[in-house]
Amino acid sequence: MRNKFFQIAVLLIFLSVLPLVVFLSRREAPPEKVKIPKHRKQTIEEFVLKSSGKNRWILRAPTATFLNKNTIKLIKPKLKVFLTEKVEIEADSAEFLRDKNRVILKNVRLKGKNFNAFSPSGTYFLKSGVFLSKSKCNANFNKVNNITGKGCKIEFKREKITIFSSVKTTIKEVKK
């Protein structure tokens, strides 16, 4: 009887090892791991973003780079704002913050129907239609009046420009 149990135990060990032997004999090389690089930045050429509703605007740039889901870096952007009149805002570079609804601009030029303005840097708030700069500002009205100073706020809806400090105004003679 003991001999019979021994034979059954040997048979069970053989049967349990058999799948391992078959698996190892048929084993092939594992598939190669393919590494796909994750791109954190996505660049788009001829970028255009339009808004609709009460405060309409169109943001265009030859090159836009998505830094993350809320920040878009723009090179040579042009922002056209349609409020009481069409205003064009151009800059050398900008960052569009989608979650905060604002555009941070560098070397800004603003062109309206009756005025031109310049500032080394500033922020345009898309919802309120206000441009705010803490650096030097220069505004020219009808090529006659020129105002410079440090820090400015331009409210396009109210057609109002406020210079905060070191204000200098030059009024040229009007030719008839």
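The values are calculated or read from the model by the stated rules, or taken from the named source; none is laboratory data. Keep in mind it's a predicted model, so treat the numbers as computed, not measured. Glycine gets a Cβ as well: all are built from the backbone with ideal geometry, and neighbour counts include every protein chain shown. Accessible surface is based on the protein model in full, side chains and every heavy atom, while ligands, DNA and RNA are left aside. Shrake-Rupley method; radii C 1.70, N 1.55, O 1.52, S 1.80 Å.
State the Kirkwood hydrodynamic radius of the chain in Å, one decimal place, computed from all pairs of distinct Cα atoms. When all Cα pairs of the chain are included, the Kirkwood radius is 20.8 Å.
Gain in length, THR84 to VAL48, computed as 0.36 nm per residue apart minus the alpha-carbon separation, to one decimal in nm?
On the way: separation 36, 0.36 × 36 = 12.96 nm, distance 2.23 nm.
Residue separation times 0.36 nm, minus the Cα-Cα distance, leaves 10.7 nm.
Applying a 10 Å radius around every beta-carbon, put 76-82, 1-7 in order of their mean neighbour count, most first.
Working: 76-82: 19.3, 1-7: 7.9.
Ranking, from highest mean packing down: 76-82, 1-7.
Spin-label pair THR170-SER16: with each label point 7 Å from Cα along the Cα-Cβ axis, the two points sit 9.8 nm from one another. I'd like the orientation of helix 2-26 relative to the chain: the angle between its Cα long axis and the longest Cα principal axis, in ° from 0 to 90, rounded to 10. Approximately 40 degrees, to the nearest 10. Taking springs between alpha-carbon atoms closer than 10 angstrom, which of GLY53, GLY149, GLY112 fluctuates most in the Gaussian network model of the chain? In this elastic network of the chain, the residue with the biggest mean-square fluctuation among GLY53, GLY149, GLY112 is GLY53. Simple point charges give the picture: +1 on the Cβ of Lys and Arg, -1 on the Cβ of Asp and Glu, and for the chain a dipole about the Cα centre of about 500 debye. Rolling a 1.4 Å probe across all protein chains gives VAL48 an accessible area of roughly 70 Å².
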